[in-house]
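Asks: Pasting a structure below so you can have a look.
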């Protein structure tokens, strides 16, 4: 007995019959693309603000005397210690606190010429070729014996706190060099 071929039905023939979809007003989202950009912009701002706050907190809590609260001003200048000394400027506005600042000099061979007690000027050279003097008359307090690397060599300078901040900033964006006085 020969078998009869089964009828082949097209796909979806067993689906229920269609029904009408009710009418509704179109859904309009206001500023969908703009809000996404705005959210990304605010996120970048929040990250930038967080980094700025962290940097300010690190500067405020920087090295100093341990006798006073860190980051809070005092009515009297701190007493001089081995790591900080007070000197009076010529214009008579009070004491200037000096700190020891480690500075990476680009030319390691130049650092090998330095000895504690030497006075140097620190020059920052930008990648565009512009050079500026960052510190004048800085006293060399130490030359660590770690050897020169391809990024330069380290020298420790005694400078006012404001000059130390300028040195740290210039060291991150420029190559530093010293000139002997």
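Matching residues to (1) surrounded by fewer than 17 Cβ atoms within 10 Å (Cβ to Cβ); (2) in contact (Cβ under 8 Å) with a residue 60 or more places away in the chain; (3) farther than 26 Å from residue 61 by Cα; (4) not assigned by TED's automatic domain parsing to the domain that holds residue 55:
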site: 119; (1), (2), (3), (4): yes, yes, yes, yes
site: 123; (1), (2), (3), (4): no, no, yes, yes
site: 129; (1), (2), (3), (4): yes, no, yes, yes
site: 152; (1), (2), (3), (4): no, no, yes, yes
site: 160; (1), (2), (3), (4): no, yes, no, yes
site: 170; (1), (2), (3), (4): no, no, no, yes
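Asks: Determine, yes or no, whether residue 157 is in contact with a helix residue (DSSP H, G or I) (Cβ under 9 Å, 6 or more places away or on another chain) and modelled with pLDDT of 90 or more.
Replies: In short, yes.
Asks: Looking at this structure, is residue 103 within 24 Å of the chain's Cα centre (by Cα), assigned by TED's automatic domain parsing to the domain that holds residue 163, surrounded by 10 or more Cβ atoms within 10 Å (Cβ to Cβ) and modelled with pLDDT of 80 or more?
Replies: Considered against the rule, which asks whether it is within 24 Å of the chain's Cα centre (by Cα), assigned by TED's automatic domain parsing to the domain that holds residue 163, surrounded by 10 or more Cβ atoms within 10 Å (Cβ to Cβ) and modelled with pLDDT of 80 or more, residue 103 comes out as yes.
The values are calculated or read from the model by the stated rules, or taken from the named source; none is laboratory data. Since we're looking at a predicted model, the values are computed, not measured. Backbone-built Cβ (ideal geometry, glycine too); neighbour counts: all protein chains shown.
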